[in-house]
Amino acid sequence: MAGEFTALAGKFNKLADALGPAGMRDALVDVGVQAKKDLAHEAARAAGGDLRYSGWKRMGKLSSGFDIDGTSVIVKPRPFGGWIVAEQGRKATVAPKRRARAVLNTPWGPRTYTKGSPLHIGRTAGKHALSKATELIQVSSPARYDEALQKQLREVFGG
């Protein structure tokens, strides 16, 4: 009889750990990982499968991270400028002409000419990727948190 109470006390200790701050943190980490996957899915839809804008050498991949603040998950998309373009788009622009001059010696004397032409940057349509991902995360996070807690309870009770 004493062995049964010891096993039951062990289960209650595991249950307290699963439902306490450490267990809550594990569940929030699971929610954060799923939120990052949602953002990656929207980034792939907006920028392409490699999560990069073609022709943007200095811009890295669209990615995200998350922080846990008490009982909430704060998702942080990065680089933020790339996410703004995925959300709102970009206006068409024309870069100014280069002012570099070359001197060419001709039989009629030195002549100068301007090198280069205007650089045209095309318009990029916004895909509303950030707002779609935010909406999906807000709708699905409570169910994901419940699922993570149930997983921890199954581990405690072996079911």
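Every read-out reported here was derived from the displayed coordinates using simple, explicitly stated rules and does not represent laboratory data. The model shown is predicted, which means the values in this text are computed figures rather than measured ones. Because the Cβ atoms are built from the backbone with ideal geometry, glycine has one as well, and the counts that use them run over all protein chains shown.
Just a few scattered comments:
- In sequence order, calculated HN-Hα J values of segment 37-43 (Karplus, 6.51, -1.76, 1.60; Hz; x Gly/Pro): 5, 5, 5, 5, 4, 5, 5
- Phi to ³J(HN,Hα) by Karplus 6.51 cos²θ - 1.76 cosθ + 1.60 over segment 22-34, Hz, x for Gly, Pro: 5, x, 5, 5, 4, 5, 5, 5, 4, 5, x, 5, 5
- Other-chain or far-sequence residues with amide H under 5 Å of G126's (modelled H): G89, R90
- Pairs exceeding 27 Å between alpha-carbon atoms, taken from K37/K127; K61/K91; K36/K57; K14/K132: K14/K132.
- Within-11-Å neighbourhood charge of G82 [Cβ basis; K, R +1; D, E -1]: +4
- For S64, the residues 5 or more places off, or on other chains, whose built amide H falls under 5 Å of its own are R78.
- Packing order of peptides 53-65, 22-34, highest average first: 22-34, 53-65 (average count of other Cβ atoms within 10 Å over each peptide's residues).
- Full extension of the segment from D26 to A143, taken as 0.36 nm per residue of separation minus the current Cα-Cα distance, would add 40.6 nm.
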